[in-house]
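*Asks:* Before anything else, here's the structure in question.
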Amino acid sequence: MEHLVTARSMFGMTMGVHIIFATLGVGIPLMILLAELLYQRTKDKDYELMAKRWTKGAAILLGVAIPTGTIAGVQLALLWPGFMEVVGKVMSLPFQIEIYAFFIEALFLSIYVYAADRISRTMRIVSLILVAIGAVASAVLITNVHAFEGTPAGFRIVNGEITDVDPWGAFFNPSFITTAGHVAVSAYATGAFVIASIAAFKMLRSRKEPRLYRFHQKALMMGLIVGGIFSFLTALNGHESAQLLYEYQPEKLAGAEGLFETTDYAPLTIGGFTDRETQTVKWGIEIPWALSFLADDRFDTVVAGLNDFPEEYWPPLFIHTLFNGMVGIGSLLILLSILGIAWYKFMKKRGFPKWLMWAFVISGPLAILSVEFGWVFACTGRQPWVIYRIMKTSESVTTSANLEFLFALFLIVYAILVVAVSLVLIYYFKRNPLEKELADMN
């Protein structure tokens, strides 16, 4: 068991680092594309400068996403040989196509970075569209493997042998569309709120410099509008995800809500901590009938409780906290975007209260934290299965020893990598201050 925990922790650490850069690698290209479109429509050069500066940041982040993604791929093969045997025979299509998606993203990002001033307006937009498509396609294709783990399809195992393989059936497994949508819209929301977070921080520091303040205010409003739209879409998609859990992984839904007894008119429990001994959620707030409606759009829907399943099939009960954290942050981000838009667009205020500005500043880190919560919830909530009801995680893990040493080594590598990329970003933007670029532009 300790060996299994070490293997899961090592891979979890890798994905926990990679998912930050991968998510921003999807979200920020959309913001760059929108800034370029706004520039072409309004001829406001502030948006052109935003696109150029954000592109430099995206290129640096992509440079980190590549090695962390490569490490994740290597660890899949080394730590989970049983799982990869199934994937190699059934689900290799996403891995193969993802290479081309990444190639398109990297190629056209390079064109925009190095040749934006020498290509036509149409080609600039086309390049960014292809960057955005390549980025989201890369993320969706890899995430499809996760969807397959929760709703496996396209094969059978007979007497220990994989038979009746249908690669496209596995590719378009029952949760593919919903999972792909969730990854895309949540990444777009995260990228937008990270932009809004940085802009808000810069606004707090440039209150006495009107030109800088106006520039960052445009970026802030753009981030709040885009982030608010995609946060709302993420919430709608989350409703579809809950219905998939109800249909395909009922014990995961029960664990997410700390529901032990099967019941109709089931309440949705907000907050609190699941207590195994008393089989209750302590200090939680119940919304009557809401879980039944969330599961199947009916208040009288019967929702299965954990006690309907063998205890060894139960997911870790702390997933209730992860689920609440993810949903709570998403709801807060929607509220912040509404407040910001209403304050600026409808109340016609040109400055924000300091408390609201600091709320905008923390919105970016909170969005990233929500992505981490969601990813851990999705994978941990599937336990003890690596392929739901087909292969247990313990059956897939490597038998190689000395994983503790590798865990410590990778921890050091990731710490250095995160510090290094932070320093590179700081160094680049200090060497290329916004004030100078605004002056050159004018």
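*Asks:* How large a share of the accessible area of the chain, in percent, is made up of carbon and sulfur atoms when the probe is 1.4 Å and the other protein chains stay in place? Walk me through the numbers before you get to the answer.
*Replies:* Details: 14000 of 21100 Å².
With neighbouring chains kept in place, the figure for the chain is 66 percent.
*Asks:* If you don't mind, there's one more thing I want to ask. What are the aspartates and glutamates whose alpha-carbon lies under 13 Å from the alpha-carbon of residue 52, with same-chain residues fewer than 8 places away excluded?
*Replies:* List returned: 36, 117, 437.
*Asks:* Per residue of the chain, what 222 nm ellipticity follows from adding -39500 (n - 2.57) for every DSSP H run with n ≥ 4, rounded to the nearest 500?
*Replies:* Calculated mean residue ellipticity at 222 nm is -25000 deg cm²/dmol.
*Asks:* Going by Cα centres, region 148-213 and region 385-442 are how many Å apart?
*Replies:* 17
*Asks:* Let me ask something additional. Arrange the residues 273, 102 by how much accessible surface each exposes, largest first, with a 1.4 angstrom probe.
*Replies:* 273, 102
*Asks:* Let me know the volume per residue of the alpha-carbon convex hull for region 133-186, in Å³.
*Replies:* Once divided by residue count, the hull of region 133-186 is 74 Å³.
*Asks:* A further question follows. Using the structure shown, list the pairs from 43/348; 282/392; 282/354 with a Cα-Cα distance above 28 Å, or answer none.
*Replies:* Flagged as over cut-off: 282/392; 282/354.
*Asks:* Cut-off 10 angstrom, C-alpha nodes, Gaussian network model of the chain. Which of 258, 272, 25 fluctuates the most?
*Replies:* Between 258, 272, 25, it is 272 that shows the largest mean-square fluctuation.
*Asks:* Shifting gears a bit: Can you give the extra length, in nm with one decimal, that the chain gains between residue 348 and residue 92 once fully stretched, where that is 0.36 nm per residue apart less the Cα-Cα distance?
*Replies:* Between residue 348 and residue 92, full extension yields 86.8 nm more.
*Asks:* Another question about this same structure. Ignoring ligands, DNA and RNA, what accessible area per residue does region 342-442 give at 1.4 Å, in Å²?
*Replies:* Heavy-atom accessible area per residue stands at 59 Å².
*Asks:* Evaluate the Debye formula for region 1-121 with equal point scatterers sitting on the alpha carbons, no solvent, and hand back log10 of I(q)/I(0) at q = 0.10, 0.17, 0.22 Å⁻¹, in q order, two decimals.
*Replies:* -0.44, -0.91, -1.26
*Asks:* Sort region 284-442 into rounded, prolate or oblate with this rule: let a ≥ b ≥ c be the square roots of the eigenvalues of the Cα gyration tensor; rounded if a/c is under 1.5, and if a/c is not under 1.5, prolate when a/b is larger than b/c, oblate otherwise.
*Replies:* In terms of gyration-tensor shape, oblate.
*Asks:* Which value, in Å², gives the accessible area per residue of region 115-244 when a 1.4 Å probe is used on the protein heavy atoms?
*Replies:* Roughly 43 Å² per residue, with all protein chains present.
*Asks:* Please check: in the Gaussian network model of the chain (C-alpha springs, under 10 Å), which one of 371, 424, 145 has the largest mean-square fluctuation.
*Replies:* Judging by the Gaussian network model, the answer is 424.
*Asks:* While we're looking at this one, here's another question. Roughly how many nanometres apart are two label points built 7 Å out from the Cα toward the Cβ at residue 110 and residue 236?
*Replies:* 3.8
*Asks:* Pick from 231, 396, 363: which residue has the top mean-square fluctuation in a GNM of the chain where Cα pairs under 10 Å get a spring?
*Replies:* 396
*Asks:* Same structure, new question: Can you give the percent of C-alpha pairs in the chain whose distance is more than 36 Å?
*Replies:* Result for the distance tail: 32 percent.
*Asks:* Ok, one more. When a/c reaches 1.5 or more, the comparison of a/b and b/c decides; with that in mind, is region 179-315 rounded, prolate or oblate per its Cα gyration tensor?
*Replies:* prolate
*Asks:* Calculate the dipole size of the chain relative to its Cα centre from +1 charges on Lys and Arg beta carbons and -1 charges on Asp and Glu beta carbons; express the result in debye to the nearest 20.
*Replies:* For the chain, the charge dipole is close to 3080 debye.
*Asks:* Using a Förster distance of 41 Å, how high is the FRET efficiency between residue 407 and residue 297, based on the Cβ-Cβ distance and rounded to 0.05?
*Replies:* E(calc), rounded to 0.05, equals 0.40.
*Asks:* Tell me which residues come under 5 Å, amide H to amide H, from residue 391 once H is placed; ignore anything under 5 positions away on its chain.
*Replies:* Those lying under 5 Å, H to H, from residue 391 are 386.
*Asks:* Follow-up. Could you work out how far apart the two model spin labels at residue 157 and residue 209 are, taking each label as a point 7 Å from the Cα in the direction of the beta carbon, and quote it in nm?
*Replies:* Placing both labels 7 Å beyond Cα along the Cβ direction yields 6.0 nm.
*Asks:* Show me the ranking of peptides 312-319, 158-165 by mean Cβ neighbours inside 10 Å, starting with the highest.
*Replies:* 312-319, 158-165
*Asks:* Going by a ≥ b ≥ c, the root eigenvalues of the Cα gyration tensor, does region 53-183 fall in the rounded group (a/c under 1.5), the prolate group (a/b larger than b/c) or the oblate group?
*Replies:* Cα axes put region 53-183 in the prolate bin.
*Asks:* Still on this structure, please answer the following. Using a 7 Å offset from the Cα along the Cα-to-Cβ direction at both residue 103 and residue 285, what is the distance between the two label points in nm, to one decimal?
*Replies:* 5.3
*Asks:* Right, here's the next one. So, by mean Cβ neighbours within 10 angstrom, what's the order for 115-127, 27-39 with the highest one leading?
*Replies:* The most tightly packed comes first, giving 27-39, 115-127.
The values are calculated or read from the model by the stated rules, or taken from the named source; none is laboratory data. None of the values given here were measured: they were computed from a predicted structure. A quick note on method: Cβ atoms are made from the backbone with ideal geometry, for glycine too, and the neighbour counts reach across all protein chains shown. All accessible areas refer to the heavy atoms of the entire protein, side chains included, with ligands and DNA or RNA removed. Shrake-Rupley method; radii C 1.70, N 1.55, O 1.52, S 1.80 Å.
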